[in-house]
1. For segment 297-326: of the residues being among the aliphatic types (A, V, I, L, M) and within 30 Å of V39 (Cα to Cα), which is surrounded by the most Cβ atoms within 10 Å (Cβ to Cβ)?
2. Considering only residues that are without any contact (Cβ under 8 Å) to a residue 40 or more places away in the chain and not small (G, A, S), look in segment 207-217 and name the one that is most open to solvent (accessible area, probe 1.4 Å).
3. Got a sec? Which of R92, R70 is in contact (Cβ under 8 Å) with a residue 60 or more places away in the chain, surrounded by fewer than 17 Cβ atoms within 10 Å (Cβ to Cβ) and either under 23 Å from N284 (Cβ atoms) or more than 17 Å from the chain's Cα centre (by Cα) (or both)?
4. Considering only residues that are of a type outside the set (D, E), out of contact with any helix residue (DSSP H, G or I) (no Cβ under 8 Å at 6 or more places or on another chain) and open to solvent by 50 Å² or more (accessible area, probe 1.4 Å), which ones fall in segment 239-270?
5. Among V220, V224, which is in a loop (DSSP other than H, G, I, E, B), open to solvent by less than 10 Å² (accessible area, probe 1.4 Å) and closer than 21 Å to Q175 by Cβ?
6. Picking from L23, L78, which residue would you name as being open to solvent by 20 Å² or more (accessible area, probe 1.4 Å), under 18 Å from the mean Cα position of the chain (by Cα) and either polar (S, T, N, Q) or under 28 Å from R303 (Cβ atoms) (or both)?
7. Looking at A204, is it more than 19 Å from E15 (Cβ to Cβ), in contact (Cβ under 8 Å) with a residue 12 or more places away in the chain, among the small types (G, A, S) and open to solvent by less than 30 Å² (accessible area, probe 1.4 Å)?
8. Given segment 119-196, what strands (runs of 3 or more DSSP E) lie entirely inside it while holding 1 or more residues that are over 15 Å from V83 (Cα atoms) and without any contact (Cβ under 8 Å) to a residue 60 or more places away in the chain?
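The values are calculated or read from the model by the stated rules, or taken from the named source; none is laboratory data. Please read all numbers here as calculations on a predicted model, not as lab measurements. Here Cβ is always computed from backbone atoms with ideal geometry, including for glycine, and neighbour counts include all displayed protein chains. Calculation scope for accessible area: heavy atoms of the full protein, side chains included, ligands and nucleic acids excluded. Shrake-Rupley method; radii C 1.70, N 1.55, O 1.52, S 1.80 Å.
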Amino acid sequence: MRHHRITNTSLELTELGFGASALGNLYRLTPADEAAGAVDAAWEAGVRYFDTAPHYGLGLSEHRLGAALRSRPRQEYLVSSKVGRLLVPNERPRGVDSEGFVVRDDLRREWDFSRDGVLRSIEATLERTGLDRLDIVYLHDPDDHWRQAAEEAMPALADLRDQGVVGAIGAGMNQSAMLAQFLRETAADVVMLAGRYTLLDQSALDDTLPAALQLDKSVVAVGVFNSGLLSRERPSPGMKYDYENAPADLVARARAIAEVCERHGTTLPAAAVAFPFTHPRIINVTLGMRNRDQVTRNAELLRRQVPEALWDDLRVQGLIRADVPTTWREGFACP
């Protein structure tokens, strides 16, 4: 599997990353053996970038990922986690987490983008994972905390990077406008862009991606299926788009894109995985993976050749924006 370097750092990410939210029992239980099997399958497929967060299952994802990687040579893989949500004792537990993870709520999340909060969060993550270091640290969803995140958290991360404690720093969000601010106004090396440069939403072309181009910084794309609507060859009503039931017009648009994909000899999910790589600053697509079967499927989707003519056809038909880059960057072969 090809690797691409985060600019201005020594870190290289595999094109496919392992998103470990499901290891924290996102939406439903993930048995421990399935979680371990998913990481094993990712390793066998050549994946060497793994992303987690304290938020995912109130630390369960970090525990499981660390345990699954513990026997691997540490110099052969990269791990990112996130700061901004400290895990603290829950004084009023109700028995199960209220934020989408099927875990006990003995802990709760507490927003904290202070310098002390950043240091405490990283220390706790290292304890849960059993790792000796984090390669990348992102600010996690700082939408309502710009000032503290930019003025306290990011300088704290920059100090850790400059000391060699972490390799790269950035922010991960479901919006693109503030990510552009982080690129332009802070010491961020890389941003994790969720759902804003996909076959159904190219809004990052207005802010994050031009900033990354201008400043020679890197972008990791996540949420490329937009919560599920782009994950099947034939989209249907009832599928999710950005965590909600997809409106009828978006289902129709996804179907239209799927039909164009078929005419070009590919599928909607394969095109969804390939699409972010049309932009020269996107170096990785990270997908959430729950079990071995999902890993195998996602690795196969990445390997599929998607003809550049597909993007031309989608532009002409108005199914993607006309300013989507017209050529794949060097290193990504098209037939």
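1. It comes out as V306.
2. The first filter runs over segment 207-217 and keeps only residues without any contact (Cβ under 8 Å) to a residue 40 or more places away in the chain, leaving 207-208, 210-211, 214-215.
Imposing the further condition that a residue be not small (G, A, S) reduces the set to 207-208, 210, 214-215.
Values: D207: 36, T208: 0, P210: 50, Q214: 130, L215: 65 Å².
For segment 207-217, the residue satisfying everything is Q214.
3. Testing whether each residue is in contact (Cβ under 8 Å) with a residue 60 or more places away in the chain, surrounded by fewer than 17 Cβ atoms within 10 Å (Cβ to Cβ) and either under 23 Å from N284 (Cβ atoms) or more than 17 Å from the chain's Cα centre (by Cα) (or both) leaves just R70.
4. Narrowing segment 239-270 to residues of a type outside the set (D, E): 239-241, 243, 245-248, 250-258, 260-261, 263-270.
After this cut, where a residue has to be out of contact with any helix residue (DSSP H, G or I) (no Cβ under 8 Å at 6 or more places or on another chain) as well, the list is 245, 247-248, 250-253, 255-256, 265.
Of everything in segment 239-270, those that are of a type outside the set (D, E), out of contact with any helix residue (DSSP H, G or I) (no Cβ under 8 Å at 6 or more places or on another chain) and open to solvent by 50 Å² or more (accessible area, probe 1.4 Å) turn out to be N245, P247, A248, A252, R253, R255, G265.
5. Numbers: V220 fails: in a loop (DSSP other than H, G, I, E, B).
Of the residues listed, the single one that is in a loop (DSSP other than H, G, I, E, B), open to solvent by less than 10 Å² (accessible area, probe 1.4 Å) and closer than 21 Å to Q175 by Cβ is V224.
6. On the way: L23 fails: open to solvent by 20 Å² or more (accessible area, probe 1.4 Å).
Going through L23, L78 in turn, the sole match is L78.
7. In short, no.
8. Working: elements: 136-140, 168-173, 190-194.
Passing ranges, in order: 190-194.
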